[in-house]
Amino acid sequence: MKIVIIGAGVAGAILARRLAALPGVELHCLERVGPDDHSEAGTGLNVGPNAVKALRLCDAALAAEVEAASLPWKHWQIALTDGTVLFDLPLSQVADNPGIRIRWSALYRVLREGAGAAIRYGCEIASIAAATGGGGRTAVRYLQGGVEHRIDDIDLLVGADGRYSATRAAFSGLPEPRHVGVAILRTLVPDTSAGLIDDYGQWFNGPHRLLAFRVPPGHVYIAATYPVEPGAPLRDEWKTEATMRATYQPAQGAPSAQVQWLMDAMCANLPHSHWARMQESDVLFGEADSNVMYLGDSAHGMAPTLGQGATQAMEDACAAALILEREIRAGRRAPRGWLALVDAARRERIRFAMALSITATDTMLAGADPVAGTRWKTGPAFLGDLSTLFRDVSLGQREPVPAP
């Protein structure tokens with residue numbers, strides 16, 4: 001069986017590690033950047049307890065490496081920018097294990113090192129198409145070190161190449177984004193907070209939200225959001241120190257010590273910050289007429305409100321790895337069947353995670369009241385949904401998971 005994975009991000013690297021160990025599988029994982037190039041991974045992220053649970057079930061050794069490079073996410077607090085606490089949740093109330101806090105660069109390093117020689121770096125994709133022989137197979141051309149290579153008659157092609165997936169574009173076209181109506185700034189700064197910032201915290205001034213937490217080895221990840229008209233461009237005047245300070249300054253009184261430090265650190269790092277608009281896209285795990293599977297952002301762009309982007313990419317990869325391992329070891333080598341199994345295991349789970357992420361964005365939309373919007377999140381309905389999100393991973397398992 002010839003399997004090609006496009007992209008060695010979160011989903012691609014996890015899947016490559018597992019499939020490379022299978023007998024009878026010719027695996028190629030093609031990554032655009034070099035092995036030490038983390039230039040596009042300059043910020044941090046929180047990974048939900050559900051992804052940690054999924055990775056432990058799929059690959060306990062890799063999970064241990066990821067956890068060793070991170071800090072645990074055990075607590076979630078929401079406050080106003082004047083320091084008034086609205087929500088204070090130990091994750092142990094809604095999860096079976098902690099999540100993690102980590103730098104993107106560290107996560108990529110651990111996952112890619114785990115996949116070892118299965119990943120081929122510096123590969124620029126030139127074309128992706130159906131194979132001339134038909135039967136659902138595909139073909140890929142790519143350049144590596146200025147030399148053109150071609151892989152023909154691919155039994156399964158996996159697009160794990162992100163929200164702007166060249167793989168998905170080649171077969172279905174890129175999905176139209178649905179803009180949520182929220183802009184987001186992301187930045188990573190040295191931790192000089194002297195303990196003011198540690199675990200996952202959020203601070204609201206009206207619908208404007210600051211989010212921050214500490215990540216190893218000694219940094220703080222900061223995300224700042226503000227409402228925008230869905231689909232509207234980001235205005236340059238938002239990207240100034242004066243505007244950012246005015247946005248998060250309480251109407252009455254002084255900001256809390258935490259918020260003051262965050263504003264100072266964020267404004268000092270504005271030239272190195274990343275700006276984007278929250279958006280999501282339609283779910284697609286596989287092509288109808290070709291043996292092509294999508295995982296992570298290639299399959300489902302998500303609003304990042306509950307930290308489920310990379311989290312669900314991990315769940316996707318673990319589910320796909322376990323399903324393909326089981327089917328291949330059992331001699332069931334029909335890629336169309338694999339696609340159906342992955343879709344069945346993941347589709348409703350992803351729809352639930354996407355819907356809950358949008359629901360939880362209510363306090364960041366224009367005109368929102370963060371006090372009222374946070375109050376209902378302390379009730380049994382939201383906490384029950386959060387427990388389902390963090391506990392009920394969907395991996396399509398039927399039997400014990402073998403070691404890699």
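Shown here: the range 313-404, whose C-alpha atoms stretch 56, 23, 19 Å along the first, second and third principal axes, sorted largest to smallest.
Its residues counted as N, the range 157-250 yields a C-alpha radius of gyration over 2.2 N^0.38 Å of 1.40.
The Cβ shell under 15 Å around Gln249 holds other residues with a net charge of -1, Lys and Arg each +1, Asp and Glu each -1. Here's the list of lysines a cross-link from Lys377 could span, going by alpha-carbon distance under 28 Å and ignoring same-chain residues fewer than 8 apart: Lys53, Lys74.
Note the angle between two axes, namely the Cα long axis of helix 309-329 and the longest principal axis of the Cα atoms of the chain, as a number of degrees from 0 to 90, rounded to the nearest 10. That helix lies at roughly 20 degrees to the long axis.
Seen from Phe285, the other residues with C-beta closer than 13 Å to its C-beta sum to a net charge of -1, counting Lys and Arg as +1 and Asp and Glu as -1.
Taking the longest Cα principal axis of the chain as reference, the axis of helix 380-391 is set at about 40 degrees.
Note on the range 260-358: along the principal axes its Cα atoms extend 60, 24, 22 Å, ordered by decreasing extent. Per 10 Å bin, what is the whole-percent P(r) computed from every C-alpha pair distance within the range 185-310? Spelled out bin by bin, the range 185-310 gives 11, 37, 30, 14, 6, 1, 0 percent. Beta-bridge orientation, the range 1-153: approximately 75 percent antiparallel, per DSSP, counting only bridges with both partners inside. From the largest down, the chain spans 70, 44, 36 angstrom on the principal axes of its Cα atoms. Here's how it looks for Gly301: its modeled amide H is under 5 Å from those of Ser281, which are all 5 or more places away or on a different chain. No solvent, one uniform scatterer per C-alpha: report log10 I(q)/I(0) for the range 1-110 via the Debye equation at q = 0.11, 0.16, 0.17 1/Å, two decimals. One equal scatterer on each Cα of the range 1-110 leads to -0.47, -0.84, -0.91. Neighbours of Glu176 by Cβ distance under 13 Å: Lys/Arg scored +1, Asp/Glu scored -1, total +1. Packing around the peptides 221-234, 3-16, taken as the average count of other Cβ atoms within 10 Å per residue, puts them in this order, highest first: 3-16, 221-234.
Per residue of the chain, the DSSP helices (runs of n ≥ 4 H) give a summed -39500 (n - 2.57) that works out to -10000 deg cm²/dmol at 222 nm.
Once backbone amide H atoms are built at 1.01 Å from N, Asn291 has Arg137 as its partners under 5 Å, excluding neighbours fewer than 5 places away on the same chain. Take every DSSP beta bridge whose two residues both sit in the chain; close to 75 percent of them are antiparallel. The Cys residues in the chain with no partner Cys Cβ within less than 4.7 Å of their Cβ are Cys29, Cys123, Cys267. Exposure proxy ranking for Cys58, Cys318, based on other Cβ atoms within 10 angstrom of each Cβ and starting from the fewest, stands as Cys58, Cys318.
Readers should treat all values here as calculations from the given coordinates under stated rules, not as data from a laboratory. Values in this document were obtained by computation on a predicted structure and should not be read as measured data. All Cβ positions, even for glycine, are placed from backbone atoms using ideal geometry, and neighbour counts span all protein chains on display.
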